[in-house]
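The values are calculated or read from the model by the stated rules, or taken from the named source; none is laboratory data. From a predicted model like this one, the values you see are computed outputs, not experimental measurements. Here the Cβ positions follow ideal geometry from the backbone for every residue, glycine too, while neighbour counts run over all protein chains shown. Areas reflect the complete protein model, heavy atoms only, side chains present, ligands, DNA and RNA absent. Shrake-Rupley method; radii C 1.70, N 1.55, O 1.52, S 1.80 Å.
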Amino acid sequence: MSEFHHVSVLLQECLEGLNIRPEGIYVDGTLGGAGHSSRIAQRLTTGRLIGIDRDPVALAAAGERLKPWKDRVTLVHSNFCEIKQVLSDLQIPGVDGILLDLGVSSPQLDDGQRGFSYMADAPLDMRMNGEDALTAREVVNTWPQEELKRILYTYGEERYAPQIASAICRRREEAPIETTLELVDIIRSAMPAAALREKQHPAKRSFQAIRIAVNDELGSVEKVMADAIPLLNPGGRLAVITFHSLEDRIVKNAMAEAAKGCTCPPNFPVCVCGKKPQVKLISRKPIVSGAAELAENPRARSAKLRVCEKL
């Protein structure tokens, strides 16, 4: 098992955003290497921390890191989008804070054998949870060309999506595409010379798109945003870090909708819809990393933190 160490992004900002109370109940829905969680657990006395991760490797590493506070920590192997079921199973009706860090953990990207990286040769996998059925190999070899084009364009914002999808389909007719570097070669072959000279690796956007599809990342974000706010106790806070514009849009819209009150037309003399705000937004604009953090961790560049508080 490779060493699982993930640099926590916006750590101080998350701790402030959650407004941790020593007796509170908190959920870290994306436990990872427990960077955020270890700091939450330190601040608890009679409180409790529920740590959730879909990756068994991350869960095992987090368990080691959280040993000093094991009396106040419960670890659960599950997807963060199943938070409602997890808390129901634990007979916890409400919590005082939920943290979601939606970035892929650095060790998942860096462990060449898991197929997330376009820099190392490995079987096409990309599953965050190795028990899931769908792999990158299946997406690349069996999904229709139009669907491949759609995910590359939508999830990867890849402007050469039509050419790449076409190249993938031509190659897989000869033999199945099995490895990450095989896929990188196909992507390169479909792109014009000018695109290959760009600073960013030519396969970065395509690999991101396929990873999002394999793990249904956007569907999971939509589900958790619908379920998380009702699980908060009054005064409880939801803090979400995103690294991708599509995820950020889902989070931003869900929080804005929950913060909205009456939806009656302005000319109505009295409210008839009865809609009341569920939350207040702690900051209108997303919180981003400062210069010091960016110098230390370049991967924090695209991180955005949004926080809301249950009314």
Within the stretch 133-142, restricting to residues that are in contact (Cβ under 8 Å) with a residue 40 or more places away in the chain and in contact with a helix residue (DSSP H, G or I) (Cβ under 8 Å, 6 or more places away or on another chain), the one that is farthest from A190 (Cα to Cα) is L134
Got at least one residue in the stretch 76-84 being part of a loop (DSSP other than H, G, I, E, B), β-branched (V, I, T) and crowded, with 19+ Cβ neighbours inside 10 Å? no
Of all residues in the stretch 1-33 being at pLDDT below 95 and over 19 Å from F243 (Cβ atoms), the one that is most open to solvent (accessible area, probe 1.4 Å): M1
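Check M119, M126 and return the single one that is under 25 Å from the mean Cα position of the chain (by Cα), at positive phi and not charged (D, E, K, R).
Numbers: M119 fails: at positive phi.
From the options M119, M126, the qualifying one is M126.
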From the option list L305, L294, single residue qualifying as touching a Pro at 6+ places or on another chain (Cβ under 8 Å) and either part of a helix (DSSP H, G or I) or within 17 Å of D101 (Cβ to Cβ) (or both) is L305
Quick count over the stretch 178-225, residues being surrounded by 14 or more Cβ atoms within 10 Å (Cβ to Cβ), closer than 27 Å to I83 by Cα and not acidic (D, E), is 14
Mind listing whichever residues of the stretch 128-161 are part of a helix (DSSP H, G or I) and open to solvent by 60 Å² or more (accessible area, probe 1.4 Å)? R137, E138, T142, Q145, E146, K149, R150, Y153
Would you confirm whether or not the stretch 31-46 contains a residue that is more than 24 Å from P298 (Cβ to Cβ) and assigned to a strand (DSSP E or B)? no
Scan the stretch 188-202 and tell me whether some residue there is closer than 24 Å to L10 by Cβ and either outside any helix (DSSP H, G or I) or not acidic (D, E) (or both). yes
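Kindly evaluate N267 against the criterion of being surrounded by fewer than 15 Cβ atoms within 10 Å (Cβ to Cβ) and either part of a strand (DSSP E or B) or touching a Phe, Trp or Tyr at 6+ places or on another chain (Cβ under 8 Å) (or both). If you could, list the steps in order and put the result at the bottom.
Values: surrounded by fewer than 15 Cβ atoms within 10 Å (Cβ to Cβ): yes; either part of a strand (DSSP E or B) or touching a Phe, Trp or Tyr at 6+ places or on another chain (Cβ under 8 Å) (or both): no.
No, not satisfied.
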Could you tell me which numbered condition S105 fails, if it satisfies all but one of (1) out of contact with any Asp or Glu (no Cβ under 7 Å at 6 or more places or on another chain); (2) surrounded by fewer than 23 Cβ atoms within 10 Å (Cβ to Cβ); (3) at pLDDT below 95? (2)
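Name the residue that is nearest to G236 (Cα to Cα), counting only residues in the stretch 47-68 that are in a loop (DSSP other than H, G, I, E, B) and over 20 Å from the mean Cα position of the chain (by Cα).
Applying the first criterion (in a loop (DSSP other than H, G, I, E, B)) to the stretch 47-68 yields 47, 54-55, 66.
Filter once more, so that each one left must be over 20 Å from the mean Cα position of the chain (by Cα): 47, 66.
Details: G47: 14, L66: 23 Å.
Ranking the candidates gives G47 first.
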Could you grab me the full set of residues in the stretch 247-282 that are touching a residue at least 40 places away in the same chain (Cβ under 8 Å) and either more than 17 Å from G235 (Cα to Cα) or not small (G, A, S) (or both)? E247, D248, V251, K252, M255, Q278, V279, I282
